[in-house]
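Data block below; observations after.
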Amino acid sequence: MRIALIGYGKMGHAIEEIALQRRHEISLKISIDNTEDNTIENLKKSDVAIEFTGPESAFDNINKCLEAGIPVVSGSTGWLDRYEEVIWNCKQDGGAFLYASNFSIGVNIFFEINKRLAQLMASQPEYEVTIEEVHHTQKRDAPSGTAITLAEQIIAVSPMKKKWVNGETVRKNELEILSKRIDPVPGTHIVKYHSGIDDIDIIHTAHNRKGFALGAVLAAEFLIGREGVYSMKDVLGL
């Protein structure tokens, strides 16, 4: 499998390492130093693209891959206000697209645990729920995409919470997400239910980027030969 890496920072390097271990070829590497090479002609030489850039470039990068006719996996966050446009473009082009706020196998299992716990706690109004996420200082967006996913899962079933906010809040209908940036933490997420009697916490702690990188490569392998829009639930059979 020939992989185009769009975004060759720390995550890009980690993905490359895993991809080579799994006997894939890196056919294109796009970083801030060679953006002029990010062309449809060059992309067509790859079987699939893995895109990890930033909010300002993700949308254009994804659409360029779809226009080139290659499946694209994206882990960029901060651009989801245009997600529906990408979905429409993907369907129009007959392409394949997979977005995840987090590619870690452990985190995606954590998402399923979070959904089940939120369902159980929906009928327990004495518990107040909060989310905390901790990442390295180079992470540009806050809250993390993973924290937003966790929050939206809770809001979907909670009779109390109507929206999430990044920071402390005293409004009962708001779910607070506390974002901390501490080096060299690759990613910790805590969902806490607190009452005057006891606390219930679920925690996911990443030790390094390898879990994210492996999940992204698994997603790329999954997309080959497919058409449509997918998620890590499809990749992992959750």
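Derivation of every value follows stated rules applied to the coordinates shown; laboratory data play no part. In this text, all values refer to a predicted model and were calculated from it rather than measured experimentally. Cβ sites come from the backbone with ideal geometry, for glycine too, and all protein chains shown count toward neighbours.
Compute the distance from the alpha-carbon center of segment 101-127 to that of segment 167-215, in whole Å.
First find each Cα centre; the distance between them is then 12 Å.
Would you compute, from DSSP H runs of 4+ residues alone, the mean residue ellipticity of the chain at 222 nm, taking -39500 (n - 2.57) per run and dividing by the full residue count, rounded to the nearest 500?
-11000 deg cm²/dmol
Relative to the compact-globule scaling 2.2 N^0.38 Å, provide the ratio for the alpha-carbon radius of gyration of segment 144-238.
That works out to 1.33 for segment 144-238.
Count the DSSP beta bridges whose two residues both fall in the chain, then state the antiparallel fraction as a percent rounded to the nearest 5.
The antiparallel proportion sits near 35 percent.
Loop by DSSP (not H, G, I, E, B), at most 12 other beta-carbon atoms within 10 Å: where is the longest site-free stretch of the chain for GluC sites (Glu not before Pro)?
That gives 169-238 as the longest site-free run.
Taking segment 105-205, how many lysine pairs are there with alpha carbons less than 25 Å apart, if each pair must be eight or more places apart or span two chains?
21
Looking at the chain as a GNM with Cα springs under 10 Å, which of Val134, Val48, Val185 has the largest mean-square fluctuation?
Sorting by GNM fluctuation, first place goes to Val185.
Compute the Rg/Rh shape ratio of the chain: radius of gyration over Kirkwood radius, all on alpha-carbon atoms.
1.00
Pick out, in residue order, every one of the trypsin sites (Lys or Arg not before Pro) in segment 139-238 that is DSSP loop and has at most 14 other C-beta atoms within 10 Å; say none if there are none.
Sparse-neighbourhood loop trypsin sites (Lys or Arg not before Pro): Arg140, Lys162, Arg171, Lys172, Arg226.
Roughly what % of DSSP beta bridges within segment 147-238 run antiparallel, to the nearest 5?
65
Report, in cubic angstrom per residue, the convex hull volume of the C-alpha atoms of segment 1-85.
83
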